[in-house]
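Here the structure comes first, spelled out in structure tokens, and everything after it is commentary.
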Amino acid sequence: STQEKTPQICVVGSGPAGFYTAQHLLKQHPQAHVDIYEKQPVPFGLVRFGVAPDHPEVKNVINTFTQTAHSGRCAFWGNVEVGRDVTVPELREAYHAVVLSYGAEDHRALEIPGEELPGVCSARAFVGWYNGLPENQELKPDLSCDTAVILGQGNVALDVARILLTPPEHLEKTDITKAALGVLRQSQVKTVWLVGRRGPLQVAFTIKELREMIQLPGTRPILDPVDFLGLQDRLKGTAWRQSTMLTEVPRPRKRLMELLLRTAMEKPGREEAAHWASASRAWGLRFFRSPQQVLPSPDGRGAAGVRLAVTRLEGVGEATRAVPTGVMEDLPCGLVLSSIGYKSRPIDPSVPFDSKLGVIPNVEGRVTDVPGLYCSGWVKRGPTGVIATTMTDSFLTGQTLLQDLKAGLLPSGPRPGSAAIQALLSSRGVQPVSFSDWEKLDAEEVARGQSTGKPREKLVDPQEMLCLLGH
Ligand code: FAD
């Protein structure tokens, strides 16, 4: 059938999920045509707007995505917000199949009093701010305080702590925005606490990120040995097994725990001791603390601290829960960053959405009860996992789609693809940004970074981007 010959497929979102899904489809089907729709004028999702500026090597995946975009059977349509500029039913009409890969753009709220105070923001917004995400450029966080509290103990929390504490001159040669670097240069923040409801065994960050924190120039770790008592035996002995319900300790977690233990309990070596003794900044992990309220400053115009409930653990393994002991504790600070997770939004009333889990309900990437509709990445699995996880997951969705195509489960007969959508967009006054347009913006950013030795100076204003393109 025609669709078997030239399937017209579109992908919504140009982060890792969108690009890896497209890559799989193009590679495994020699005729497939893939259009990628993206709401930002620029591609790559969290690779551009999430990954920390001091981790440039992570962004090398952009080279692979660029190769995909250069395929003659792939097109990028930026500056098109699906759900606003064009609807999912319209896309389904125009294509044989639609893959939703639009990520997780919201943050999970703390849902505690005081959350709305100035001086409280989501780690998501803070990350967006220093990475040049247009909607977060007005954030201008107030870093005139001495202490910041980050609620959460995952890799995003560590990214934020690291950016707050890194000597600004070490960020000068990264792609952090000029505005963010300026604010960080004036920062008075000396201490950053990362607060978790559970204990050391439940931290969500990984060893590479922890090691970076321990070695951060001019900064020393504050770990309370009391939190780690007994952990050593548990690591080795049966208690660990009972506590995790695993017959064997997963190696990466064991290594992570060992590094935490060493840092907390052992005397540092000469070099490390000297580094920590001369440090003017510090970061620390506060375990078994659950945030109850953000305390207002006396004038009510900012945050003065966080009220924490002391917790203890109940249950075993994955089901380990933190329950309050009744003891409260106030942790003074002037800045509160909540880093308890991202969350997907529903995109269109016609697309099922599980608001409890924050994902599109699906089986192996097939959206439940909507033939021809698929999903991949964070909107499919939930907002966890690194780019490599997202790649595997997206290849699987691509595979599912091609199986359905082969089995004749997708609409038969030709579909107009982008021609129909371009007509709609143009009637609505929407002017898409192509991949070669992006390459012009890319060249402009690289040129603007050159004078200061940065890999690029990101454009942060969509109007300016469109203007540069003559739109
Ligand atoms: P996203 O990357 O979010 O892509 C979704 C895309 O969809 C975005 O471009 C968005 O603009 C677009 N979109 C949204 N809504 C619409 C719409 N309505 N219409 C059209 N387009 C839309 N992983 C690592 O391996 N290493 C790291 O160092 C690392 N650092 C991270 C740091 C942070 C702060 C975060 C949050 C994540 C980090 N990750 C890292 C994880 C990695 O970013 C994710 O695994 C990956 O980006 C998920 O891919 P995705 O395509 O599902 O979502």
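The values are calculated or read from the model by the stated rules, or taken from the named source; none is laboratory data. Keep in mind that what you see is a predicted model, and the values were worked out from it rather than measured. Don't worry about glycine lacking a Cβ; one is built from the backbone with ideal geometry, like all the others, and counts go over all protein chains shown.
Scan the stretch 35-43 and give yes if some residue there is hydroxyl-bearing (Ser, Thr, Tyr), in contact with a strand residue (DSSP E or B) (Cβ under 6 Å, 6 or more places away or on another chain) and at pLDDT 95 or above, otherwise no.
Kept after step one, since they are hydroxyl-bearing (Ser, Thr, Tyr), are these residues of the stretch 35-43: 37.
So of that shortlist, the ones also in contact with a strand residue (DSSP E or B) (Cβ under 6 Å, 6 or more places away or on another chain) come out as 37.
Imposing the further condition that a residue be at pLDDT 95 or above reduces the set to 37.
Yes, that holds for at least one residue.
Give me a count of the residues in the stretch 12-41 that are touching a Phe, Trp or Tyr at 6+ places or on another chain (Cβ under 7 Å), farther than 16 Å from Val61 by Cβ and of a type in the set (A, V, I, L, M, F, W, C).
Final tally of qualifying residues: 1.
Could you please find all residues in the stretch 243-268 being at pLDDT below 90 and closer than 18 Å to Lys208 by Cα?
Within the stretch 243-268, Pro250, Arg251, Pro252, Arg253, Lys254 qualify.
Collect the residues in the stretch 61-83 that are in a helix (DSSP H, G or I) and either within 11 Å of the ligand (Cβ to nearest atom) or modelled with pLDDT under 95 (or both), keeping them in residue-number order. Walk me through it before giving the result.
Step one: list which residues in the stretch 61-83 are in a helix (DSSP H, G or I), which gives 61-70.
Selection gives Val61, Phe65.
Taking the residues in the stretch 10-22 that are more than 7 Å from the ligand (Cβ to nearest atom) and under 14 Å from Phe76 (Cβ atoms) as candidates, determine which candidate is surrounded by the fewest Cβ atoms within 10 Å (Cβ to Cβ).
Let us first name the residues in the stretch 10-22 that are more than 7 Å from the ligand (Cβ to nearest atom), namely 10-11, 19-22.
Going one step further and asking which of them are under 14 Å from Phe76 (Cβ atoms), we end up with 10-11, 19, 21-22.
Details: Cys10: 28, Val11: 32, Phe19: 33, Thr21: 33, Ala22: 31.
Within the stretch 10-22, the match that is surrounded by the fewest Cβ atoms within 10 Å (Cβ to Cβ) is Cys10.
If we keep just the residues of the stretch 141-182 that are of a type in the set (A, V, I, L, M, F, W, C) and touching a Pro at 6+ places or on another chain (Cβ under 7 Å), which is surrounded by the fewest Cβ atoms within 10 Å (Cβ to Cβ)?
Leu181
Looking at the stretch 78-111, which of its residues are of a type outside the set (Val, Ile, Thr), crowded, with 23+ Cβ neighbours inside 10 Å and touching a Leu at 6+ places or on another chain (Cβ under 8 Å)?
Selection gives Asn79, His96, Ala97, Leu100, Gly103.
Hey, among the residues in the stretch 408-439 that are surrounded by fewer than 15 Cβ atoms within 10 Å (Cβ to Cβ) and not in a loop (DSSP other than H, G, I, E, B), which one's nearest to the chain's Cα centre (by Cα)?
Per the stated criteria, the residue is Glu439.
Only residues that are buried (at least 24 other Cβ atoms within 10 Å of the Cβ), within 16 Å of the ligand (Cβ to nearest atom) and either more than 20 Å from Leu441 (Cβ to Cβ) or more than 29 Å from the chain's Cα centre (by Cα) (or both): list them for the stretch 23-46, please.
Leu25, Val34
Given the structure, is Leu133 in contact (Cβ under 8 Å) with a residue 40 or more places away in the chain and either away from the ligand (no atom under 16 Å from the Cβ) or among the β-branched types (Val, Ile, Thr) (or both)?
Numbers: in contact (Cβ under 8 Å) with a residue 40 or more places away in the chain: yes; either away from the ligand (no atom under 16 Å from the Cβ) or among the β-branched types (Val, Ile, Thr) (or both): no.
Spelling it out, it is not the case that Leu133 is in contact (Cβ under 8 Å) with a residue 40 or more places away in the chain and either away from the ligand (no atom under 16 Å from the Cβ) or among the β-branched types (Val, Ile, Thr) (or both).
Of the residues in the stretch 271-290, how many are buried (at least 16 other Cβ atoms within 10 Å of the Cβ) and among the aliphatic types (A, V, I, L, M)?
Within the stretch 271-290, residues that are buried (at least 16 other Cβ atoms within 10 Å of the Cβ) and among the aliphatic types (A, V, I, L, M) number 3.
For the list (1) within 16 Å of the ligand (Cβ to nearest atom); (2) closer than 24 Å to Leu171 by Cα; (3) out of contact with any Gly (no Cβ under 6 Å at 6 or more places or on another chain), I need the number of the one condition that Gln153 fails.
(3)
Answer yes or no as to whether Ala104 is assigned to a loop (DSSP other than H, G, I, E, B), within 23 Å of the chain's Cα centre (by Cα) and modelled with pLDDT under 95.
Values: assigned to a loop (DSSP other than H, G, I, E, B): yes; within 23 Å of the chain's Cα centre (by Cα): yes; modelled with pLDDT under 95: no.
When the stated conditions are applied, Ala104 does not pass them.
For the stretch 353-365, what are the residues that are surrounded by 14 or more Cβ atoms within 10 Å (Cβ to Cβ) and out of contact with any strand residue (DSSP E or B) (no Cβ under 6 Å at 6 or more places or on another chain)? First the steps, then the outcome.
If we filter the stretch 353-365 for residues that are surrounded by 14 or more Cβ atoms within 10 Å (Cβ to Cβ), which is where we start, we get 353-354, 358-362, 365.
Phe353, Asp354, Val359 - these are the residues of the stretch 353-365 that are surrounded by 14 or more Cβ atoms within 10 Å (Cβ to Cβ) and out of contact with any strand residue (DSSP E or B) (no Cβ under 6 Å at 6 or more places or on another chain).
I'd like to check something: does the stretch 334-352 contain any residue that is away from the ligand (no atom under 16 Å from the Cβ), assigned to a strand (DSSP E or B), over 30 Å from Leu410 (Cα atoms) and touching a Gly at 6+ places or on another chain (Cβ under 8 Å)?
The answer is yes; a qualifying residue exists.
Hey, could you check the stretch 444-467 for residues that are in a loop (DSSP other than H, G, I, E, B), buried (at least 16 other Cβ atoms within 10 Å of the Cβ) and not β-branched (Val, Ile, Thr) and say which is nearest to the chain's Cα centre (by Cα)? Walk me through it before giving the result.
Here is the first cut: in the stretch 444-467, the ones in a loop (DSSP other than H, G, I, E, B) are 451-461.
When the remaining residues are screened for being buried (at least 16 other Cβ atoms within 10 Å of the Cβ), the result is 454, 456-460.
Of the ones still in play, those that are also not β-branched (Val, Ile, Thr) are 454, 456-459.
Values: Lys454: 23, Arg456: 21, Glu457: 21, Lys458: 18, Leu459: 20 Å.
Only one residue tops the list, namely Lys458.
Can you say whether Glu138 is at negative phi, more than 9 Å from the ligand (Cβ to nearest atom), part of a loop (DSSP other than H, G, I, E, B) and surrounded by fewer than 17 Cβ atoms within 10 Å (Cβ to Cβ), as far as the supplied structure shows?
Here the answer is yes, as Glu138 does meet what is asked.
What pairs come out if I take residues in the stretch 28-48 that are under 20 Å from Tyr130 (Cβ atoms) and pair them with residues that are modelled with pLDDT of 95 or more and away from the ligand (no atom under 15 Å from the Cβ) whose C-beta lies under 7 Å away, six or more apart or interchain?
From residues that are under 20 Å from Tyr130 (Cβ atoms), the pairs are Pro41/Leu466.
In the stretch 156-242, which helices (runs of 4 or more DSSP H) lie fully inside it and hold 3 or more residues that are modelled with pLDDT under 95?
Those helices (runs of 4 or more DSSP H) span 231-236.
Among the residues that make up the stretch 107-122, is at least one of them near the ligand (Cβ under 10 Å from one of its atoms) and either touching a residue at least 24 places away in the same chain (Cβ under 8 Å) or assigned to a helix (DSSP H, G or I) (or both)? Spell out the reasoning first.
Of all residues in the stretch 107-122, those near the ligand (Cβ under 10 Å from one of its atoms) come to 107.
Then drop every residue that is not either touching a residue at least 24 places away in the same chain (Cβ under 8 Å) or assigned to a helix (DSSP H, G or I) (or both), which leaves 107.
Yes - at least one qualifying residue is present in the stretch 107-122.
Residue by residue through the stretch 389-407, note down the ones that are hydrophobic (A, V, I, L, M, F, W, C) and assigned to a helix (DSSP H, G or I). Write out each step before concluding.
First pass over the stretch 389-407, keeping only residues hydrophobic (A, V, I, L, M, F, W, C): 391, 395-396, 401-402, 405, 407.
Answer for the stretch 389-407, where residues must be hydrophobic (A, V, I, L, M, F, W, C) and assigned to a helix (DSSP H, G or I): Met391, Phe395, Leu396, Leu401, Leu402, Leu405.
Looking only at the stretch 354-388, how many residues end up being under 30 Å from Ile150 (Cα atoms), part of a loop (DSSP other than H, G, I, E, B) and either more than 9 Å from the ligand (Cβ to nearest atom) or in contact with a Cys (Cβ under 8 Å, 6 or more places away or on another chain) (or both)? Spell out the reasoning first.
Here is the first cut: in the stretch 354-388, the ones under 30 Å from Ile150 (Cα atoms) are 354-360, 376-388.
If we keep only those that are part of a loop (DSSP other than H, G, I, E, B) as well, we get 355-358, 360, 376-377, 382-386.
Going one step further and asking which of them are either more than 9 Å from the ligand (Cβ to nearest atom) or in contact with a Cys (Cβ under 8 Å, 6 or more places away or on another chain) (or both), we end up with 355-358, 360, 382.
Counting residues in the stretch 354-388 that are under 30 Å from Ile150 (Cα atoms), part of a loop (DSSP other than H, G, I, E, B) and either more than 9 Å from the ligand (Cβ to nearest atom) or in contact with a Cys (Cβ under 8 Å, 6 or more places away or on another chain) (or both) gives 6.
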